[in-house]
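One structure below.
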There are 2 protein chains.
Amino acid sequence: MESEAASADLELIGHGPHGKNKPETRLWLRMLSTTKLITTEIRRRLRTEFGATLPQFDLMAQLYREADGLRLGELSKRTMVTNGNVTGLVERLETDGFVQRVTPDGDRRVTVAKLTPAGTELFVAMAAAHEGWLRDIMADVDPAMIASLWSEIGAVKASASNHLSGSAFE
Amino acid sequence: MESEAASADLELIGHGPHGKNKPETRLWLRMLSTTKLITTEIRRRLRTEFGATLPQFDLMAQLYREADGLRLGELSKRTMVTNGNVTGLVERLETDGFVQRVTPDGDRRVTVAKLTPAGTELFVAMAAAHEGWLRDIMADVDPAMIASLWSEIGAVKASASNHLSGSAFE
């Protein structure tokens, strides 16, 4: 559903009649538009600086954290990439020499994907760049505000987690 | 790339080695995971309460704001749904009686999509529900914090806008 060329600002074209949104809706539209703006920027930089896509980066990030490798189903869950797409992504990264699929000792029925040394090296470079991009993107924001935002958005997240529909307690 | 069944918390499976992310990266991962959590919840409620999808809701929201209707290309830009998908969405909503395509007087080459009265009625109900869901989702957050978050996230958004790569001034 997301387009690379997306330029519209969701917040300016918000849902309700102009200027009548409730505070929670206004905050939500601002969170959404800010997240989309930054995501689009990160996609652009990954593409121009590494020729990589965001799903590739996310997938490599998960493999980086698991030295023993991950089964494709688990990788799909952790990256929010669908099962079918994970297979395609892994095959592509395998062709490029950044990922290998191996059968761990003791269980021949299982295949896990792991980063190759070249894949690890590439991911470390991408992660360092990603960190720098975020510092750049947030350069005008006071460090104290970055810390307080982290904690306040944590309160929003906790509230959302407490009010999910379809939970065991509803 | 997003899966409905997504349950992984991006923040817990962050990019860098455990606990070593820089403040901007930590904030970004928290923004991203919170936005995904709330988006997933809104998708779920749209589906269970209205049998609707998020792209349908977004598309109807844009048509609701434009009484004269919108051309499909413009609708695609405003919703960040690709052109091809917008056509499919509009056709589906037309079949259901919520959208009509009309040729405005004076320009027979142009077709615009508009909400029907039934579509307007449905969207008003969905928008009211959406507002209520957000109030519910953020119920544990202090109203003063909702206001300050709105303003602080605005600072992040402004900073991001100022540091986009590929702008005319770079």
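The values are calculated or read from the model by the stated rules, or taken from the named source; none is laboratory data. This one's a predicted model, so the numbers in the text were calculated from it and none came from an experiment. Cβ sites come from the backbone with ideal geometry, for glycine too, and all protein chains shown count toward neighbours. Side chains are part of the model used for accessible areas, which takes the heavy atoms of the whole protein and leaves out ligands, DNA and RNA. Shrake-Rupley method; radii C 1.70, N 1.55, O 1.52, S 1.80 Å.
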Any idea how far apart A:THR116 and A:THR103 come out in nm if each label point goes 7 Å out from Cα toward Cβ? 2.1 nm
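Report, in deg cm²/dmol and to the nearest 500, the calculated mean residue ellipticity at 222 nm for chain B, where each DSSP H run with n ≥ 4 adds -39500 (n - 2.57) and the sum is divided by the residue count.
Estimated from H runs of four or more residues: -20000 deg cm²/dmol.
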How crowded by other chains is B:35-47, given as the mean number of beta carbons from other chains within 10 Å of each beta carbon? 4
So, with +1 on the Cβ of K and R and -1 on the Cβ of D and E, and no other charges, what is the size of the charge dipole of the stretch B:52-137 about its Cα centre, to the nearest 20 debye? 260 debye
Using the Karplus curve 6.51 cos²θ - 1.76 cosθ + 1.60 with θ = phi - 60°, what ³J(HN,Hα) values do you get for each residue of the stretch A:26-34, in whole Hz, with x for Gly and Pro? 4, 4, 4, 5, 6, 4, 5, 5, 5
Ranked packing of B:89-97, A:152-160, most packed first, by mean Cβ within 10 Å: A:152-160, B:89-97
Going down the table (A:LYS20/B:LYS22; A:LYS36/A:LYS77; A:LYS114/B:LYS77; B:LYS36/B:LYS77; A:LYS77/B:LYS157; A:LYS114/A:LYS157), which pairs top 27 Å between alpha carbons? A:LYS20/B:LYS22; A:LYS114/B:LYS77; A:LYS77/B:LYS157; A:LYS114/A:LYS157
From the label point of A:PRO23, set 7 Å from Cα along Cα→Cβ, how far away are the matching label points in the other copies, in nm, ordered shortest to longest? 2.5
With charges set only on the Cβ (+1 for Lys and Arg, -1 for Asp and Glu), what does the dipole of the stretch B:23-170 come to about its Cα centre, in debye to the nearest 20? 360 debye
Between B:LYS77, B:LYS114, B:LYS36, find the one with the highest GNM mean-square fluctuation for chain B; connect C-alpha pairs within less than 10 Å. B:LYS77
Using only atoms on other chains, find how many Cβ atoms lie within 10 Å of each Cβ of peptide B:129-139 and report the average. 6
Provide the FRET efficiency to the nearest 0.05 for the B:THR87-A:ARG92 pair, computing r from the beta carbons and using R0 = 25 Å. 0.30
For the stretch A:52-137, restrict the atom set to alpha-carbon positions and state the Rg and Dmax in Å. 13.1, 47
Express the C-alpha Rg of the protein assembly as shown as a ratio against the empirical globular expectation 2.2 N^0.38 Å, rounded to two decimals. 1.06
Placing +1 on the Cβ of each Lys and Arg and -1 on the Cβ of each Asp and Glu in the stretch B:12-122, which of B:THR103, B:LEU115, B:THR40 has its Cα farthest towards the positive end of the resulting dipole? B:THR40
Tabulate in residue order the Karplus-calculated ³J(HN,Hα) for the stretch B:64-79, using 6.51 cos²θ - 1.76 cosθ + 1.60 with θ = phi - 60°, rounded to whole Hz; enter x for Gly and Pro. 4, 7, 10, 4, 7, x, 9, 5, 4, x, 5, 4, 4, 4, 6, 9
For chain B, built as a Gaussian network whose Cα springs stay under 10 Å, the top-fluctuating residue of B:LEU59, B:LEU115, B:LEU29: B:LEU29
Pseudo-label separations to other copies for B:GLU49 - Cα-to-Cβ vector, 7 Å, nm: 4.1
Extending each Cα 7 Å along its Cβ direction at B:LYS20 and B:ASN162, get the distance between those two points in nm, one decimal. 3.1 nm
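Over the protein assembly as shown, what percent of the accessible surface lies on carbon and sulfur atoms, probe 1.4 Å?
On the way: 8480 of 16500 Å².
Reported share for carbon and sulfur atoms: 51 percent.
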Determine the shielding of peptide B:142-151 by partner chains: average, over its residues, the number of Cβ atoms on other chains within 10 angstrom of each Cβ. 5
Round to the nearest 10 and give me the degree value, 0 to 90, for the angle of helix A:83-95's Cα axis relative to the longest principal axis of chain A. 50 degrees
Pulled fully out, how much extra length does the chain show between B:ARG65 and B:VAL124, if you take 0.36 nm times their separation in residues and subtract their Cα-Cα distance? 20.1 nm
Inter-copy spacing of A:VAL124 label points, which lie 7 Å from Cα along Cα→Cβ, given in nm from shortest upward: 6.2
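Ranked from the most accessible area to the least, with a 1.4 Å probe and all protein chains present, what is the order of A:HIS130, B:HIS163?
B:HIS163, A:HIS130
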